[in-house]
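Notes for the one structure printed next.
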Amino acid sequence: MRAKRTAGLAFLVLLTACLLAACGRSGEATGSKEASGEHTIDLGGGRQVTVDKGAKANIAFFIATTSNLYTQAMVDEAEKTAAKLGAGLTVFDGKFDATTQYNQMQSALQRHEFNAWWVSPIDGNQSCSMLSETAPEQGIVVGISDIVLCDRGERPADEVWQPGTLDYVGAETTTNFIDAWVEQIAARLPGAHEIGVLEGPPLTNLTDNIEAALEELEKRRPDLHVVASENTDFTTPDGLAKAQTMLHAHPGIDVVISSYADVTVGAIKAIKAAGKPVQVFDLGGSAAEVPLIKDGSLTASAAYSPRGHARAVVTALVGAVLEGKKPPTFDPGLDYGSTDKPYMVEKSNVDTYRPQY
């Protein structure tokens, strides 16, 4: 009887251990993280994140703003991609306010609702520690796009990824892309020209990289002279107002370079009102710009890929959570062109171009 009781007790202990460990899930040895149903992903810099194997990816998307067509297209594609992959997605609109976005992320940390974050940071320095240290320590996989973290904005594309995060998606604000874009503009401008520049907000890596690229261009091509530069908030009304001021103060301007499509639409209104023959180049390639390229108001625009970004980030996050996949640390996220050769939309190819927003 004693032997039977002992054998029965041993069986119960074994059964209980089997149930708790999912009976050596996937046929792996019990006692290991893989056996208990977890993935450990190396995030670089001595950091890693452990996530439950096969868990549904529940993504918090912290976006800078949803007030323009670019970001609206990104959200739309993100929702479609998440639904296709069986992931949850909740969008947090930062309303272009760094404090608002930071508080949203702090609140999400406290609630422990999400195992994956996609962040398009408003202030990549302010949120550096939270995204590359605190979040992964709490088991959150973090993907970054559009704005670079932790003072990496002026580095080459293959160095913009911040260790502690999963990856970085988005070539368009990198030094490689901006330098190549400025070179393509210069190639279309023989002879001497006076240039006015409409930038984005100050202290962003896009603004800094445009300024640096144009400064280097002037050293090589002193005949291409930047005579005025204005910061904008990326909106059409501000583009109109800043362009009016710039054209009035510098009547010799015959080239305008704009940092974003919505700004360009406002600038072209100002140019037409002033009756000036001005060539315009920009970043964006939006649907609103297609007729402006066709009628010659916009000379050329480097195409953006907000939907490409969304597919790349969401797919990478889902792969990390479900299968422990580590994607490349840098993904251009481009459906047109490449990091070192932006696709310039102009009269010669505009009829076959399909804008993403």
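Assorted remarks:
- When the Cα gyration tensor is reduced to axis lengths a ≥ b ≥ c, the ratio a/c stays below 1.5 for region 196-305, which is therefore classed as rounded.
- Environment charge of Glu216, counting only residues whose C-beta is closer than 14 Å and scoring Lys/Arg +1, Asp/Glu -1: -4
- For the chain, with +1 on Lys and Arg beta carbons and -1 on Asp and Glu, the positive-most of Val256, Ala83, Ile268 along the dipole: Ala83
- Within the accessible area of region 74-148 (1.4 Å probe), percent carbon and sulfur: 45 percent
- Under a Gaussian network description of the chain, with springs only between Cα atoms under 10 Å, the residue in Leu292, Leu334, Leu131 that fluctuates furthest is Leu292.
- About its Cα centre, the dipole of region 145-200 is roughly 100 debye, where the only charges are +1 on Lys and Arg Cβ and -1 on Asp and Glu Cβ.
- Using C-alpha pairs under 8 Å with a sequence gap of at least 6, the mean separation divided by the residue count of the chain gives a relative contact order of 17 percent.
- Solvent-accessible area, 1.4 Å probe, carbon plus sulfur percent, for region 250-357: 54 percent
- Each label was represented as a point 7 Å from its Cα along the Cα-to-Cβ direction; for Arg47 and Asp76 these points are 3.4 nm apart.
- The Glu159 and Ala274 beta-carbon pair, evaluated with R₀ = 35 Å, returns a calculated FRET efficiency of approximately 0.25.
- Within the assembled protein chains, the solvent-accessible surface assigned to Trp181 is about 0 Å², based on a 1.4 Å probe.
- Under DSSP loop assignment and at most 16 Cβ neighbours within 10 Å, longest trypsin sites (Lys or Arg not before Pro)-free interval of the chain: 189-324
- In summary, the lysines within cross-link reach of Lys80, defined as a Cα separation below 19 angstrom excluding same-chain residues under 8 places away, comprise Lys56.
- The listed residues Asp52, Asp254 rank as Asp52, Asp254 when sorted by accessible area, largest first, using a 1.4 Å probe.
- Point-to-point label distance, His250-Lys294, nm (Cα→Cβ direction, 7 Å offset): 3.2 nm
- As a length-normalised measure over Cα pairs under 8 Å and 6 or more apart, the relative contact order of region 118-232 settles at 22 percent.
- Dipole magnitude (debye, nearest 20) for the chain, charges at Cβ of Lys, Arg, Asp, Glu: 1680 debye
- The stretch between Ala192 and Asp151 holds 11.2 nm of extra length on full extension. This uses 0.36 nm per residue minus the Cα-Cα distance.
- Calculated [222 nm] ellipticity per residue, helices only, for the chain: -12000 deg cm²/dmol; basis is -39500 (n - 2.57) per DSSP H run with n ≥ 4, divided by all residues, nearest 500.
- Shape category assigned to region 191-242 from the gyration tensor of Cα positions, a/c cut at 1.5: oblate
- Cβ charges +1 (Lys, Arg) and -1 (Asp, Glu), total dipole of region 94-154, debye: 180 debye
- Residue-normalised accessible area of the chain, expressed per residue, 1.4 Å probe, Å²: 44 Å²
- Taken one residue at a time, the phi angles of region 104-118 give Karplus couplings (6.51, -1.76, 1.60, θ = phi - 60°) of 4, 5, 4, 5, 5, 4, 6, 7, 6, 8, 10, 9, 8, 10, 10 Hz. Gly and Pro are set to x.
- Accessible surface of Tyr343 - all protein chains present, 1.4 Å probe, nearest 10 Å²: 70 Å²
- Whether the chain is rounded, prolate or oblate, judged on the alpha carbon gyration tensor where a/c under 1.5 counts as rounded: prolate
- In this structure, Arg111 and Leu203 have a Cβ-Cβ separation that, at R0 = 22 Å, corresponds to a calculated FRET efficiency of about 0.10.
The values are calculated or read from the model by the stated rules, or taken from the named source; none is laboratory data. None of these values were measured; they are calculated from a predicted model. Cβ sites come from the backbone with ideal geometry, for glycine too, and all protein chains shown count toward neighbours. Please note that ligands, DNA and RNA were not included when accessible areas were found on the heavy atoms of the full protein model with its side chains. Shrake-Rupley method; radii C 1.70, N 1.55, O 1.52, S 1.80 Å.
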